[in-house]
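Computed from the coordinates by the stated procedures, all read-outs in this text should not be read as laboratory data. No experiment lies behind these values; they were computed from the predicted model shown. As a convention, Cβ positions derive from the backbone with ideal geometry for all residues, glycine included, and neighbour counts pool all protein chains shown.
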Amino acid sequence: MVLEVMELLKEHLPVTQEPFVLSGDVNTGLVLVDVVNGFCTVGAGNLAPKQHNKQISQMVEESARLARVFCEKKWPIFAFLDSHHPDIPEHPYPPHCIAGTDESKLVPALQWLENEANVTLRCKDCIDGFLGCLEKDGSNIFIDWVKKNQIKNILVLGICTDICVLDFVCSTLSARNRGFLSPLEDVIVYSGGCATYDLPVSVAKTLGDAIAHPQELMHHIGLYMARGRGAKVVSEVSIKPL
């Protein structure tokens, strides 16, 4: 039944994807959204996977692979870390990624990024990372990063495809369209480098007012919505040979 629904969804809501080749010819920044223990490491918290999850594991692997490439080439990386004050809940979700805990830290495969000079880390206490970059003086850390590095493309990976990734992408595209993010041109979402969580209907029914969230379906919808807002969705990312 699930496979039939997915086939129907892809038929009526197709997401056109092409390969993407990274090169030094165009200034490209890598944006990693919430690749933290609280969302990715098995058993790490209320919103972490309960068991090994192929989609999430692939996302982490691709995030680490591309982060290595960007660091080797000294290209800019911006990494969001979901991080919440214990007394300020984020409805409708249960407490998660509390500031100062292991949940809010990068996954083990990415913790080395903390020591890289080309990496900007940003703790955020809301779903939308773009809004989470606003400072009290009205400035925006992400906008400053784009301008400082003269970034024309951003390549976005992370979790969740249909929540934090999508919200960030939509806000960034709106800001670009308003002229706030010059010289940014393209927002590129790597489908194999994104993931979301899985909460089947059968499980959701046992959790009171929980909303079902089938992983493959919501991942596809997240990509479809991002493309509909103007992002480019790519199927793979390779490196242009020298």
Rg/Rh of the chain (Cα atoms, Kirkwood Rh), to two decimals, equals 0.95
Of all DSSP beta bridges in segment 23-236, antiparallel share, percent nearest 5: 10
Between the modelled labels at Asp25 and Cys123 (7 Å from Cα along Cα→Cβ) the distance in nm is 4.2
Spatially close lysines, pair count over segment 109-242: Cα under 21 Å, gap of eight or more or interchain: 9
What is the distance, in nm, between label points placed 7 Å from the Cα along the Cα-to-Cβ direction at His91 and at Leu199? 1.5
Can you tell me the FRET efficiency between Asn177 and Ser57 if r is taken as the Cβ-Cβ distance and R0 is 30 Å, rounded to the nearest 0.05? 0.30
GluC sites (Glu not before Pro) restricted to DSSP loop in segment 93-170 with at most 13 other C-beta within 10 Å: Glu135
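So what is the relative contact order for segment 23-236, in percent, with contacts set as C-alpha pairs under 8 Å and at least six apart? Mind dumping the intermediate values first?
Numbers: 405 pairs, mean separation 48.3, N = 214.
Relative contact order here is 23 percent.
When the Kirkwood radius is taken over all Cα pairs of segment 60-135, what Stokes-Einstein diffusion coefficient follows at 10 °C and 1.306 mPa s, in µm²/s? Intermediate values should be presented prior to the final figure.
On the way: Rh = 13.5 Å.
In µm²/s, the coefficient is 118.
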Scale the Cα Rg of segment 160-227 by the rule-of-thumb value 2.2 N^0.38 Å and send over the ratio, two decimals. 1.37
Which of the aspartates and glutamates could a cross-linker bridge to Lys50, judged by Cα under 16 Å and excluding same-chain residues fewer than eight apart? Glu103, Asp198
